[in-house]
1. Starting at the first residue of segment 116-124, write each ³J(HN,Hα) from the Karplus equation 6.51 cos²θ - 1.76 cosθ + 1.60 with θ = phi - 60°, in whole Hz, x for Gly and Pro.
2. Using the Cβ atoms and a cut-off under 9 Å, what net charge is assigned to the surroundings of Ala66, where Lys and Arg are +1 and Asp and Glu are -1?
3. In the calculated pair distance distribution of the chain, what percentage of Cα-Cα distances lie above 27 Å?
4. I'd like the carbon and sulfur percentage of the solvent accessible area for segment 64-131, probe radius 1.4 Å, heavy atoms only, ligands and nucleic acids excluded.
5. Taking amide H positions as placed 1.01 Å from N in the peptide plane, with prolines and chain starts having none, which residues 5 or more places from Tyr6, or on another chain, fall under 5 Å of its amide H?
6. For segment 24-39, what does the Karplus curve 6.51 cos²θ - 1.76 cosθ + 1.60, with θ = phi - 60°, yield as ³J(HN,Hα) per residue in whole Hz, taken in order and with x for Gly and Pro?
7. With a cut-off of at most 14 other beta carbons within 10 Å, and DSSP calling the residue loop, which GluC sites (Glu not before Pro) in segment 14-116 qualify? Please list them.
8. For the chain, what is the accessible area per residue in Å², given a 1.4 Å probe and the full set of protein chains?
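The values are calculated or read from the model by the stated rules, or taken from the named source; none is laboratory data. Keep in mind the model is a prediction, meaning the values are calculated, not measured. Note: ideal-geometry Cβ built from the backbone for every residue, glycine included; neighbour counts use all protein chains shown. With ligands, DNA and RNA removed, areas are computed over all heavy atoms of the protein, side chains included. Shrake-Rupley method; radii C 1.70, N 1.55, O 1.52, S 1.80 Å.
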Amino acid sequence: MSVQYYYGTGRRKSAVARVRVFPGTGQIIINGKPMAEVVGGYLTLQSIMTAPLRVTNQLGKFSVMAKVEGGGISGQAGAISHGMARALTLADETFKPLLRRAGLLTRDPRVKERKKYGLKRARKAPQYTKR
């Protein structure tokens, strides 16, 4: 029995993506909708999402189904990319050095900083008045 799909979990900011990669036509479905419909005209986000497939030269060879929740559109794009990269390493171990070199397997640790007391935001202090 062969594996129907390869699974990877991706995270970025507060977004979590559950990504399934399987041999196919190169179609990318996110939350039941095509990628173009989800991100609209944001070509930057489309290129972020397809980065793992481009780096490994598998753009038309694998289809992707992703369920993503939490965060905004940018965080979700990063989470999908991370999950896709993880799934591709399970599909073929030879992709791992390529994806690692491109920085696609590393979880981006940057998250929103908490607000501190005495400040208006995480770092913005109230206006200083001399008199």
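1. Computed from phi, the couplings for segment 116-124 are 9, 5, x, 10, 7, 10, 4, 10, 6 Hz.
2. Details: positive: Arg18, Arg20, Lys67; negative: none.
Computed value for this residue: +3.
3. 27 percent
4. C and S atoms contribute 54 percent here.
5. The list, which skips near neighbours in sequence, is Val21, Phe22.
6. Karplus values, whole Hz, x for Gly and Pro: x, 9, x, 6, 10, 10, 10, 6, x, 10, x, 4, 4, 6, 6, 8.
7. Listed in order of number, the matching sites are Glu113.
8. Roughly 66 Å² per residue, with all protein chains present.
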